[in-house]
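Novice: Shown below is the structure under consideration.
Each reported figure results from applying straightforward, stated rules to the coordinates on display, with no laboratory input. Keep in mind that what you see is a predicted model, and the values were worked out from it rather than measured. Here the Cβ positions follow ideal geometry from the backbone for every residue, glycine too, while neighbour counts run over all protein chains shown.
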Amino acid sequence: MAPRRILEPLIIAADRALRTLSGTVQAARPNPASGGDLSMPDGARRTAAALMRVNHAGEVAAQALYHGQALAARSAVTRKFMLEAAREESDHLAWCEQRLHELGSRPSLLNPLFYGGSFAIGALAAAFGDKASLGFVAETERQVEGHLDEHIARLPRADERSRSLLRAMREDESRHASNARTAGAIELPHPLQELMRRTARLMTRTAYWV
């Protein structure tokens, strides 16, 4: 029984990783970018596609973070919190992928690397206890909100479809951060917040082009 108890969570984690990276995730909620004009000049389309590729990569990383944190969570309550948040974030993943297809583009080629690294970071955060793990969620989502605000401003003026999608995503991120604080999140040390910010910036700059 002991080997089975060890292997089962790992098999489930591997299955979640494959589903995230395979592009087969289906959204449970309607895409907020539905409707509107799909046509844009080529230059604006390329800019929008690059930005949405970054957002898609961010959602791949978000899935990995939550899955890693769920795997190493100390309590069933925290594990449930992480998996419920991951399910909502999977809508974001599906929405971003759909928008990329509309823009005639593709996800980042580095998504498997982003997933693996983020999963390890999530599991490491959870190893410090549930309150620290929830603090990691709160800080991550706070930084993501800023990132989404930046992209909403940078999107071509004609791309209201992507803009409305990112606004809906921002509402979810804000709620996840608030829920994490309510659940007992602690504030992370400033040097760790800065390290998270620099790591995220490296990922976003890479995903923009690759």
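Novice: Would you mind calculating the gained length between I12 and V210 on full extension (0.36 nm times residue separation, minus the Cα-Cα distance), in nm to one decimal? Please report the intermediate quantities before stating the final value.
Specialist: Working: separation 198, 0.36 × 198 = 71.28 nm, distance 2.90 nm.
Gain on extension, I12 to V210, equals 68.4 nm.
Novice: Once you charge only the Cβ atoms, +1 for Lys and Arg and -1 for Asp and Glu, what is the size of the charge dipole of the range 47-209 about its Cα centre, to the nearest 20 debye?
Specialist: On the way: 21 positive and 20 negative charges, 51 e Å.
The dipole of the range 47-209 has a size of about 240 debye.
Novice: At 0.36 nm per residue, minus the direct Cα-Cα distance, what do R87 and L202 gain on full extension? Give it in nm, one decimal, please. Working shown, then result.
Specialist: Numbers: separation 115, 0.36 × 115 = 41.40 nm, distance 2.57 nm.
Taking 0.36 nm per residue and subtracting the Cα distance, the gain is 38.8 nm.
Novice: Which of S39, L10, A61 sits farthest toward the positive end of the charge dipole of the chain, with +1 on the Cβ of Lys and Arg and -1 on the Cβ of Asp and Glu?
Specialist: L10
Novice: I would also like to ask the following. Who wins for biggest fluctuation among I152, I11, I121 in a Gaussian network model of the chain, springs between alpha carbons below 10 Å?
Specialist: Greatest mean-square fluctuation among the candidates belongs to I11.
Novice: While we're looking at this one, here's another question. Okay, helix-only estimate at 222 nm for the chain: each DSSP H run of n ≥ 4 adds -39500 (n - 2.57), divide by all residues, round to 500 deg cm²/dmol; what do you get?
Specialist: Taken over the chain, the calculation gives -27500 deg cm²/dmol.
Novice: Okay, next question. Mind jotting down a quarter of the surface of the convex hull over the alpha carbons of the range 26-142, in square nanometres, one decimal? It would help to have the intermediate numbers written out before the result.
Specialist: Values: hull surface 30.8 nm².
Answer in nm², one decimal: 7.7.
Novice: Ignoring solvent entirely, what values of log10 I(q)/I(0) come out of the Debye formula for the chain at 0.10 Å⁻¹ when each Cα is a single scatterer?
Specialist: -0.41
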